[in-house]
Amino acid sequence: MKILTAAVALLATAYALPAAAQETTLYRGGPIVTMDGETPQMVEAVVTRGDRIAFAGSEVDARKAAGEDAAIHDLKGATMLPGFIDAHSHFTFALKMSDALDLGDKTLPPVKDVASLQGAIRDYIARRAIPKGGWVVVMQYNEEALAERRLVTRADLDAVSPDHKIVMFHISFHNLVANSPALAAAKLTDASQPPSGGMMLRDADGRLNGVLLEKSMFLMMPAMPQPTVEQKLAGLDAAQQHYFAEGYTHAQDGATQPDDLAFLTSAAARDHIKIDLALLPFYTGLDALLAQPDPKFGTYQGHVKLQGVKFVLDGSVQARTGFFTRDYARGSPDGAHPWHGQPVVSEQEFCAQARKVHDRGWQIFAHANGDAAIDMAIQCFDALGIKAADNRRPIVIHSQFQRRDQLAAYARIGVGPAYFSNHTWYWGDVHRTNFPKEVVDFISPFRSARAAGLTPSNHSDYSVTPLDTRFMLWTSMARVSPTGVVSGPDERLGAYEALQALTTGPAWQVFEEERKGRIKPGLLADFVILDKNPLTTPVDGIKDIKVLETIKESATVWRAKE
């Protein structure tokens, strides 16, 4: 590591900030990792003026740049880095989960089998005093974590309560299970058929068993109660604090539905939002966006901007709805063989809609997990004539089960892969029950992608996995499962590379590399302060690092309790 002993102090007037906003602060007293460059760079001190970084270099020069009236922020040995950038999550889930039963809540008794899951729902109904006829929403259900390792059905939920409408979302958010009253509320009967790109599972008698996958889920959504604007506003502060507590200064809502888009871009919401929030409007609302003369993609309105349009090409690998060129060993979600998944949307429809986005100059984000879905994305980008030199930066979210030959196509097109290293821990063992070792070992191939000249990012896909940034660092460095199996040891990252996937990588993917992701004069004064330096912490200790403070544009927005 090098200590930068020279830096350029920028004049405060260059930022055109109001005089009252030009407070100066000097940060010193601990390691400061700038993330500016391909190798670790450290400085002794940083000076901020207003919402920007004015100086980064030696403490002697920093004190000269700061002046005598500057406030001193003593790190007391803690480590400061640029604020973490969320490459892909679902911010609105943080708003909607506040009134739901979260099976991942560690303060509740663990759910280990169907009986304990049923007990958790009964306890929740009683604790919340939900009246008969009311809705009960359950999140984070994972059949692979149950002793029975089977999908829960309407019969299981009917046994909990035939008097409540119960809907339970799979942890992947690519399927749900509803009980009989909920199905009735959505007007779904045994005669109902799934839409193209959806699945409805049935029992041996041909009756709906309550499991709705992919596009079939949308048949349930309109019947479910939606939070009011007032409830959403009340939840904004808690949602932001959830992100700030993990060191994020930039969040993403990775599939913004029309009602959430209207809310988050409203003046009332913008007044509450302090975190930078990138919205990806879902492609099903594309016609309404196209009808607007200037939706202002890529431009912040307050702290909110429309980043690009989100497409979903396939489902979830752990739910066995991802689209592959090879078969799942365990078959389809209902056990049918052969099964290699299916696309959520046809390649023709995807490319027709993506062309409209491309022609407007908007960024394309495509969810693709299986290699066949990734092929769809590549073929469409080629059909649109996108090349790396065009600097359009289409993002393929997850890119989980990428083949080696697809890396060259990403490089040719200029794709940014948004990888998901947490899968190696949460579902590495599950994936090995479906696919050969060499396939699972290439999941989220960070190191190979970097060698191919790509700029990858890492994400949590919250609420699919927790927002925990240090756990994400650890999974990208260790790539180990709960049984101790390492998925792709050659794809493990070092600490600095892992940090790049949470800072400079996602900044590049949203065209903000000259605004955030590094500690450099002129960039936003967005920082996270950790109790330990990830660059000097052993791999096994990375996930135990604690966030002490998060700073957004020079203002402390979260601080750990003493």
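A few notes on this one:
- Total residues in segment 41-57, condition part of a loop (DSSP other than H, G, I, E, B) and crowded, with 19+ Cβ neighbours inside 10 Å: 1
- Condition broken by Ala495, with the remaining ones in (1) within 19 Å of the chain's Cα centre (by Cα); (2) within 14 Å of Leu530 (Cβ to Cβ) satisfied: (1)
- Within the span defined as segment 418-434, every residue fails to be open to solvent by less than 30 Å² (accessible area, probe 1.4 Å), in contact with a Gly (Cβ under 9 Å, 6 or more places away or on another chain) and without any contact (Cβ under 8 Å) to a residue 60 or more places away in the chain.
- Residue list for segment 258-271, filter: open to solvent by 60 Å² or more (accessible area, probe 1.4 Å) and touching a residue at least 12 places away in the same chain (Cβ under 8 Å): Pro258, Asp259, Arg270, Asp271
- Selection status of Ile166, at pLDDT 95 or above and outside any helix (DSSP H, G or I): yes
- For segment 191-229, a residue qualifies if it is farther than 12 Å from Thr321 by Cβ and within 25 Å of the chain's Cα centre (by Cα), and the qualifying residues are Phe218, Leu219, Met220, Met221, Pro222, Met224, Pro225, Gln226, Pro227, Thr228, Val229.
- Screening segment 299-405 for strands (runs of 3 or more DSSP E) wholly inside it with 2 or more residues that are under 30 Å from Thr433 (Cβ atoms) returns the ranges 308-312, 363-368, 395-398.
- Checklist (1) in contact (Cβ under 8 Å) with a residue 24 or more places away in the chain; (2) closer than 19 Å to Phe365 by Cα; (3) open to solvent by 40 Å² or more (accessible area, probe 1.4 Å) applied to Leu306, failing item: (3)
- Every listed requirement among (1) open to solvent by 10 Å² or more (accessible area, probe 1.4 Å); (2) over 28 Å from Gln342 (Cα atoms); (3) part of a strand (DSSP E or B) is met by His250 save one, (1).
- Search result, residues across segment 350-371 that are among the aliphatic types (A, V, I, L, M), open to solvent by 10 Å² or more (accessible area, probe 1.4 Å) and touching a residue at least 40 places away in the same chain (Cβ under 8 Å): none
- Qualifying position, being open to solvent by less than 60 Å² (accessible area, probe 1.4 Å), at negative phi and over 21 Å from the mean Cα position of the chain (by Cα), among Leu280, Leu286, Leu313: Leu286
- Residue among Ala100, Ala66, Ala54, Ala45 that alone is small (Gly, Ala, Ser), under 21 Å from Leu523 (Cβ atoms) and either modelled with pLDDT under 95 or out of contact with any helix residue (DSSP H, G or I) (no Cβ under 9 Å at 6 or more places or on another chain) (or both): Ala66
Matching residues to (1) outside any loop (DSSP other than H, G, I, E, B); (2) among the hydroxyl-bearing types (Ser, Thr, Tyr); (3) under 18 Å from Ile72 (Cα atoms):
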site	(1), (2), (3)
Gly505	yes, no, no
Glu512	no, no, no
Pro534	no, no, no
Ile545	no, no, no
Val557	yes, no, yes
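- Just one of the listed residues (Glu68, Glu38) is part of a loop (DSSP other than H, G, I, E, B), over 25 Å from Thr504 (Cβ atoms) and open to solvent by 30 Å² or more (accessible area, probe 1.4 Å), namely Glu68.
- Condition check for Pro131 on (1) open to solvent by less than 10 Å² (accessible area, probe 1.4 Å); (2) in contact with a His (Cβ under 9 Å, 6 or more places away or on another chain); (3) assigned to a loop (DSSP other than H, G, I, E, B): one failure, at (1).
- Segment 203-231 residues that are part of a helix (DSSP H, G or I), paired with ones that are at pLDDT 90 or above and of a type in the set (S, T, N, Q) (beta carbon under 7 Å, 6 or more apart): Met217/Asn175
- Condition check for Ala155 on (1) under 18 Å from Ser316 (Cβ atoms); (2) open to solvent by 60 Å² or more (accessible area, probe 1.4 Å): one failure, at (1).
- Counted residues, segment 434-454 - those being within 23 Å of the chain's Cα centre (by Cα), assigned to a helix (DSSP H, G or I) and of a type outside the set (S, T, N, Q): 5
- Selected residue [loosely packed, with under 15 Cβ neighbours inside 10 Å, closer than 21 Å to Gln257 by Cβ and either in contact with a Phe, Trp or Tyr (Cβ under 6 Å, 6 or more places away or on another chain) or not small (Gly, Ala, Ser) (or both)] from Lys165, Lys187, Lys215: Lys187
- The condition of being of a type outside the set (Gly, Ala, Ser), open to solvent by 20 Å² or more (accessible area, probe 1.4 Å), in contact with a Lys or Arg (Cβ under 9 Å, 6 or more places away or on another chain) and at pLDDT 95 or above holds for only one of Lys296, Lys274, that being Lys274.
- Remark: Pro466 matches the filter, which requires a residue to be open to solvent by 30 Å² or more (accessible area, probe 1.4 Å) and at pLDDT below 95.
The values are calculated or read from the model by the stated rules, or taken from the named source; none is laboratory data. Predicted model only: the values in this text are computed from it and were never measured. Virtual Cβ from ideal backbone geometry, glycine too; neighbours counted across all protein chains shown. Ligands, DNA and RNA are stripped out before the accessible areas are found, and what is left, the full protein with its side chains, is counted by its heavy atoms. Shrake-Rupley method; radii C 1.70, N 1.55, O 1.52, S 1.80 Å.
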